[in-house]
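To start, the structure under review is shown below, and the notes come after it.
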Amino acid sequence: MEKIIIAGGTSGIGLATAKLFAEKGASVIVTGRREDKLAKAREVNPGINAIPLDNTDNTSLKEFFARTGHFHHLILTLSSAKGAGLFATMDLAELRAGFDGKFWPHLQTIQAALPYIDKNGSITIISAASATAVLPGTSGLAAINGALEVMVPILAKELKPLRFNAVSPGVIDTEWWDFLNKEERKATFESYAKGIGVGRIGNPQDVSNLIETVVNNSYINGTVLHVNGGLL
C-alpha cells in the first residue's frame, strides 16, 4: 500500500485529493493547523489520518517527517490569499505575507520530506493560473506561484529519479475565495465564467482527478500541468 502525505489537505483541493486516494486504498495522511478542519477530514473518510502541523514551522516539519518515516508521494496544497491587488497601491507587507504563507512553507516542507520519500515516488505542488494568466491585480500572486513553477523542471533534474511536478488550477470554487462575501463571490465567479472555455467555474474534483493522474503516471516529470477549463 502506498503512503501519501497531503500538506494542507484539510479543505478544498487537498481534501478532495485525500478522499480520492483513500477511496482507492492508499494510506493517506493530511496535515493542517485548524482542528475543526482536521476533524472534517477524518469524517470524510475513516482512511484519512489527519494530523495537526504548521508547515511554516521548520522544527515541527522535521519532527513530523521523522515520526512518519518512509512514504511514497508528497502533495502540497498549501495556499494563501495574500498578495493580490493592483501593484501601484499594493501593500508590500501583504505580498511578503503571501510568500510566507505559500512559497516558503512549500520549500521547507519539501526539504524536510526528502530524507524519507521513496526515490521512485513523487512530489506534486499546487500552484495557480495567476502565474501565467496576465490578469491585472494578480501580479503579487503571479510572483508567488510563478516562483514555485519556475523551480519545477530544475528540481526534477536535481532530485531524479524522484519525480517533481506542479498542477496549476484556474478559478476553483474553494474556501480560498472566502475573503469575498456571498454576493461578491457570485459576481466574481459569473464574470470569470464568461472567459472560461467550458463556461463554468471549476470544482475541487476537477483538480484532484488531474493530481491523481500526475501521481500515478510515472512518466510525467518536470512539468506544470494546467487545469483551468480554457481560461483566457
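The values are calculated or read from the model by the stated rules, or taken from the named source; none is laboratory data. These numbers come from a predicted model, not from an experiment. Cβ coordinates were reconstructed from backbone atoms using ideal geometry, including for glycine residues, and neighbour counts include every protein chain displayed. Surface areas here come from the heavy atoms of the whole protein model, side chains and all, with no ligands, DNA or RNA. Shrake-Rupley method; radii C 1.70, N 1.55, O 1.52, S 1.80 Å.
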Name the residues in the range 39-80 that are at pLDDT below 95, part of a helix (DSSP H, G or I) and aliphatic (A, V, I, L, M), would you? Ala39, Ala41, Val44
Within the range 82-105, can one find any residue that is within 17 Å of the chain's Cα centre (by Cα) and either in a loop (DSSP other than H, G, I, E, B) or among the polar types (S, T, N, Q) (or both)? yes
For the range 125-160, how many residues meet the condition of being under 30 Å from Leu86 (Cα atoms) and open to solvent by less than 50 Å² (accessible area, probe 1.4 Å)? 21
Kindly provide the set of residues from the range 87-102 that are surrounded by fewer than 20 Cβ atoms within 10 Å (Cβ to Cβ) and in contact (Cβ under 8 Å) with a residue 40 or more places away in the chain, ordered by number. Phe87, Met90, Glu94, Phe99, Asp100, Gly101
Counting only residues that are hydrophobic (A, V, I, L, M, F, W, C) and over 18 Å from the mean Cα position of the chain (by Cα), which one in the range 202-232 is nearest to Phe164 (Cα to Cα)? Leu231
Apart from one, (1) in contact with a Gly (Cβ under 8 Å, 6 or more places away or on another chain); (2) open to solvent by 30 Å² or more (accessible area, probe 1.4 Å) all hold for Val44; the odd one out is (1)
For Arg163, which of the numbered conditions (1) in contact (Cβ under 8 Å) with a residue 40 or more places away in the chain; (2) open to solvent by 30 Å² or more (accessible area, probe 1.4 Å) fails to hold? (2)
Can you find a residue that is free of Cβ contacts under 8 Å to residues at least 60 places away in the same chain and surrounded by fewer than 16 Cβ atoms within 10 Å (Cβ to Cβ) anywhere in the range 71-86? yes
Failed item in (1) assigned to a helix (DSSP H, G or I); (2) open to solvent by less than 10 Å² (accessible area, probe 1.4 Å), with Ala22 passing the rest: (2)
Determine, yes or no, whether Gly146 is more than 28 Å from Ser27 (Cβ to Cβ), free of Cβ contacts under 8 Å to residues at least 60 places away in the same chain and under 15 Å from the mean Cα position of the chain (by Cα). yes
